[in-house]
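The block underneath contains the structure these notes are about, expressed in structure tokens.
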Amino acid sequence: MDSKLVPALTESINDHFSEIQGNGSKVQFPLKQPFIIGVAGGTASGKTTVCDMIIAQLHDQRVVLVNQDSFYHTLSDDTLKQVHEYNFDHPDAFDTELLLSCMEKLKLGRPVSIPNYDFKSHKSYMVPEQKVNPSDVIILEGILVLHDPRARDLMNMKIFVNTGSFISNFLDSDVRLARRIQRDTVERGRNIKSVLDQYAKFVKPSFDEYILPSKKYADIIIPRGGDNDVAIDLIVQHIRTKLGQHDLCKIYPNVYIIHSTFQIRGMHTLIRDVKTTKHDFVFYADRLIRLVVEHGLGHLPFTEKQIITPTESIYSGVLFCRRLCGVSIIRSGESMENALRACCKGIKIGKILIHGEGNNGRQLIYEKLPEDISSRHVLLLDPVLASGNSAVKAISLLISKGVAESKIIFLNLIASPEGIHAVCKKFPELKIVTSEIDFSLNKELRVIPGMGEFGDRYFGTDIVPPP
């Protein structure tokens, strides 16, 4: 291989990984890719309104908005003297290379500095710095964001906003012109004549030549802009589905991740932090466990039933599955028993103890299971799914006792991709319910970034207490 290519290749590979410094060593793990949305449309078509509505509905996700307008080229003094002859709606008016660089860095999980463009002086300033951090959802908004194929390739969803209907382009142009007059005169200090002259000479021709043709690349076209609540709701629903759908969920439809919120992410932050005290670790771990248990119960079969309420009204409801038991993998799994008992009054809970033999072997040491377990649905409890070796041993035992594979629901707080592969390939009919899928396993088969030895932290048996 050409030696000149090695540094570039190494940098390209490392761009897709993040590093954690700990105990003098670096641990690399792949970054979760953000969901990038491009929102295009004519001038004053309602793009910003659509973006604001999407952001408002995604209130429990980290969302950032990047405006293409921030990337206008700074005009030279000579150009400023003839600014009325400058076409701000032409692709060359934007510093597209800088925009692409910023978007690529955000996609790789790096913070970026966005220029501050002043529409009155037509100058671009980096002071004060406009810093944008990587987020779950990144929205790129602007008249020409769908024009460049390199920008389109970065997007997971491409939206084009129409002011009018699909049919009435004349109405669309009239409404956009009226909005532009109001915006440019009020916000940018221009007079009506200059706005009309600019619109006729540059805005309308550029729309027809560059902006409107980019409409064909859109995945979704929103007529009536921000007035189309139904379209916005459908877009947000799709984004939520994609954000909650890990790549492994596409491979294994029997893997379920509970919907992430800031509350859940905050609890994960606390239980993963090495400095968290035992008291706080137990408190927040219990909260997360309860959520996972509740979600797991939702995957059990039910029967419909109509009842009469105290107001003598009819309510169509459901009855829970009653043939149910829990099985904890000792010892970490025992931390999940209280949450299961709190949700299912009087539930039977069995126990399995498995001892590791090297990196791959597992030996069954002890098992105590309900005698009629073969006729029950089983919730298998273990907070951490690492290599999957212990889980495979426990599931194999349950099946040997007559439990149908499809009646097993495996509940855990975090899971590694390796563990999911190991379990789902061998048992494709069971269900796995978890709150987060981590990045990988290290050489010691510990989940990374993980949360350490869960049992020791939960039961207070850490060899070295956290600082």
Requested in this report: Return yes or no: is GLY225 at pLDDT below 80, at positive phi and assigned by TED's automatic domain parsing to the domain that holds LEU65?
Outcome: yes
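Report whether or not VAL318 is surrounded by 15 or more Cβ atoms within 10 Å (Cβ to Cβ) and either without any contact (Cβ under 8 Å) to a residue 24 or more places away in the chain or within 22 Å of ALA394 (Cβ to Cβ) (or both).
Considered against the rule, which asks whether it is surrounded by 15 or more Cβ atoms within 10 Å (Cβ to Cβ) and either without any contact (Cβ under 8 Å) to a residue 24 or more places away in the chain or within 22 Å of ALA394 (Cβ to Cβ) (or both), VAL318 comes out as no.
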Query raised in the report: Restricting the search to the stretch 424-445, which residues are under 24 Å from the mean Cα position of the chain (by Cα) and assigned to a helix (DSSP H, G or I)?
Result: CYS424
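Is it fair to say LEU108 is assigned by TED's automatic domain parsing to the domain that holds ILE220, surrounded by fewer than 18 Cβ atoms within 10 Å (Cβ to Cβ) and in contact (Cβ under 8 Å) with a residue 12 or more places away in the chain?
yes
Restricting the stretch 313-354 to residues that are in a loop (DSSP other than H, G, I, E, B) and closer than 17 Å to PHE410 by Cα, which is modelled with the highest pLDDT?
Filtering the stretch 313-354 down to residues in a loop (DSSP other than H, G, I, E, B) leaves 313, 320-323, 331, 344-347.
Next, from what is left, pick out any that are closer than 17 Å to PHE410 by Cα: 321, 323, 331, 344, 347.
Working: CYS321: 80, ARG323: 88, ARG331: 88, CYS344: 90, ILE347: 93.
If we take residues in the stretch 313-354 being in a loop (DSSP other than H, G, I, E, B) and closer than 17 Å to PHE410 by Cα, then ILE347 is modelled with the highest pLDDT.
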Query raised in the report: Which one is nearest to the chain's Cα centre (by Cα), of the residues in the stretch 268-305 that are exposed (fewer than 13 other Cβ atoms within 10 Å of the Cβ) and within 30 Å of ALA404 (Cα to Cα)?
Result: GLY298
Query raised in the report: Any chance the stretch 72-93 includes a residue that's assigned by TED's automatic domain parsing to the domain that holds ARG224, touching a Cys at 6+ places or on another chain (Cβ under 7 Å) and among the β-branched types (Val, Ile, Thr)?
Result: no
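So which of ILE399, ILE409, ILE414 is surrounded by 18 or more Cβ atoms within 10 Å (Cβ to Cβ) and either touching a His at 6+ places or on another chain (Cβ under 7 Å) or over 25 Å from ASP286 (Cβ atoms) (or both)?
Details: ILE399 fails: surrounded by 18 or more Cβ atoms within 10 Å (Cβ to Cβ); ILE414 fails: either touching a His at 6+ places or on another chain (Cβ under 7 Å) or over 25 Å from ASP286 (Cβ atoms) (or both).
The conditions single out ILE409.
Scan the stretch 446-467 residue by residue and report those that are outside any helix (DSSP H, G or I) and either within 25 Å of the chain's Cα centre (by Cα) or at pLDDT 90 or above (or both). Can you show your working first?
Narrowing the stretch 446-467 to residues outside any helix (DSSP H, G or I): 446-453, 460-467.
Answer for the stretch 446-467, where residues must be outside any helix (DSSP H, G or I) and either within 25 Å of the chain's Cα centre (by Cα) or at pLDDT 90 or above (or both): ARG446, VAL447, ILE448, PRO449, GLY450, MET451, GLY452, GLU453.
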Query raised in the report: Would you say PRO310 is over 26 Å from the mean Cα position of the chain (by Cα), within 30 Å of LEU380 (Cβ to Cβ) and outside the structural domain of VAL50 (by TED's automatic domain parsing)?
Result: no
Query raised in the report: Among the residues of the stretch 72-83, is any touching a helix residue (DSSP H, G or I) at 6+ places or on another chain (Cβ under 7 Å) and either under 30 Å from ILE232 (Cβ atoms) or at pLDDT 90 or above (or both)?
Result: yes
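Taking the stated definitions as given, is ILE365 in the same structural domain as GLY452 (by TED's automatic domain parsing) and crowded, with 20+ Cβ neighbours inside 10 Å?
Details: in the same structural domain as GLY452 (by TED's automatic domain parsing): yes; crowded, with 20+ Cβ neighbours inside 10 Å: no.
Answer is no for this residue.
Kindly evaluate ILE437 against the criterion of being at pLDDT below 95 and surrounded by 15 or more Cβ atoms within 10 Å (Cβ to Cβ).
On the way: at pLDDT below 95: yes; surrounded by 15 or more Cβ atoms within 10 Å (Cβ to Cβ): yes.
When the stated conditions are applied, ILE437 passes them.
The rows are residues; the columns are (1) at pLDDT below 85; (2) surrounded by 14 or more Cβ atoms within 10 Å (Cβ to Cβ).
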{"residue": "ARG188", "(1), (2)": "yes, no"}
{"residue": "LYS193", "(1), (2)": "yes, no"}
{"residue": "VAL203", "(1), (2)": "yes, yes"}
{"residue": "ASP233", "(1), (2)": "no, no"}
{"residue": "VAL236", "(1), (2)": "no, yes"}
Report summary line: For the stretch 239-264 the number of residues that are within 16 Å of PHE35 (Cβ to Cβ) and either surrounded by 15 or more Cβ atoms within 10 Å (Cβ to Cβ) or modelled with pLDDT of 95 or more (or both) is 7
Report task. Taking CYS325 as the residue in question, decide whether it is within 20 Å of VAL403 (Cα to Cα) and either touching a His at 6+ places or on another chain (Cβ under 7 Å) or outside the structural domain of THR261 (by TED's automatic domain parsing) (or both). Result -> no
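Answer yes or no: is there a residue in the stretch 410-425 that is closer than 19 Å to SER335 by Cα and of a type in the set (Ser, Thr, Tyr). Outline the logic, then answer.
Let us first name the residues in the stretch 410-425 that are closer than 19 Å to SER335 by Cα, namely 410-415.
From what's left, of a type in the set (Ser, Thr, Tyr): none.
There is no residue in the stretch 410-425 that is closer than 19 Å to SER335 by Cα and of a type in the set (Ser, Thr, Tyr).
The values are calculated or read from the model by the stated rules, or taken from the named source; none is laboratory data. Since the structure is predicted, the reported quantities are computational estimates derived from the model, not experimental observations. Here the Cβ is made from the backbone with ideal geometry for all residues, glycine too, and neighbour counts use every protein chain on show.
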